[in-house]
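Engineer: The structure under discussion is supplied below as structure tokens; questions concerning it will follow.
The values are calculated or read from the model by the stated rules, or taken from the named source; none is laboratory data. Everything numeric in this text was worked out from a predicted model, so none of it was measured. Here the Cβ positions follow ideal geometry from the backbone for every residue, glycine too, while neighbour counts run over all protein chains shown. These accessible areas exclude ligands, DNA and RNA; they are computed on the full protein's heavy atoms, side chains included. Shrake-Rupley method; radii C 1.70, N 1.55, O 1.52, S 1.80 Å.
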Amino acid sequence: MAALAKSIRRNAIGLGLFAIITGGTIAITQVMTAERIQEQAARAEAQALFEIIPENRHDNHLLTDTVQLPADNGMNANDPVTAWVARRNGRPTGLIMPVVAPDGYSGNIHLLVGLDMKGTVLGVRVTSHRETPGLGDRIETKKSDWIHSFTGRSLGNPEPERWAVRKNGGTFDQFTGATITPKAVVNAVQKTLIYFREHRSDIRDILNEPASPRSTPLTPEEIAGQTPDREHS
């Protein structure tokens, strides 16, 4: 009996040590994995920012030049929105806002939407999603060029009723076998443009934008600090 009790204690101690070591290993792995995931997400976000507004179109530190924009329920933002600002010679030329499309097929779709100071889309990129591989994941630039269809768009281009997928009478293509995903992204981009229009005055004050807007949108040449050749335009 004494030998049996000793054996049980030994096994219990062994199992306890095993559990402690295993739990510690899992915890350390989770911490290291979380840090790695955060680093990868940050790199992907930085890459997306420079894809929307390339470095030759601004001369400020885009990654660190951020502002707090007004909260808005329409943007699913109950707190102020942190946006990145692009500037040329100190003058704001665009901003990039983080946007969430809450109605994706498999949950939230996280986007970055870039706008110029007239409310024209400079570019849109998806930073994370859980959409179906081979169907909804075509919102990624590495899977298709669909996301580029927003570049140059505004609230008047197309008309409000055309801000939808073709299946619903809109301008934007849907994916074969997947309509919910592109519809969610289209809605999110349109809501971003509406947000910009409704908060334009506040946004200009925050960005120190001159009170009188330009008569025409900024062109890529002007953003790059170049003068277009009017004789060849």
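Engineer: Ignoring everything but the protein chains, give the 1.4 Å probe accessible area of ASP59 in square angstrom, nearest 10.
Structural biologist: 80
Engineer: Can I ask one more? Under a Cβ-Cβ cut-off of 11 Å, what is the net charge of the residues other than VAL124 that fall near it, where Lys and Arg count +1 and Asp and Glu count -1?
Structural biologist: Values: positive: ARG125, ARG153; negative: GLU51.
Summing Lys/Arg as +1 and Asp/Glu as -1 gives +1.
Engineer: Now a separate question. Report LEU112's accessible area, 1.4 Å probe, all protein chains in place, as a number in Å² to the nearest 10.
Structural biologist: Around 0 Å² of this residue is reachable by solvent.
Engineer: Another question, if that's okay. Using a basic spin-label model with each label point 7 Å from the Cα along Cα→Cβ, how many nm lie between ALA46 and GLU198?
Structural biologist: 3.5
Engineer: Amide H to amide H, which residues 5 or more places from ASP65 or on other chains are under 5 Å from it, using H placed in the peptide plane?
Structural biologist: Amide H neighbours of ASP65, under 5 Å, 5+ apart: VAL85.
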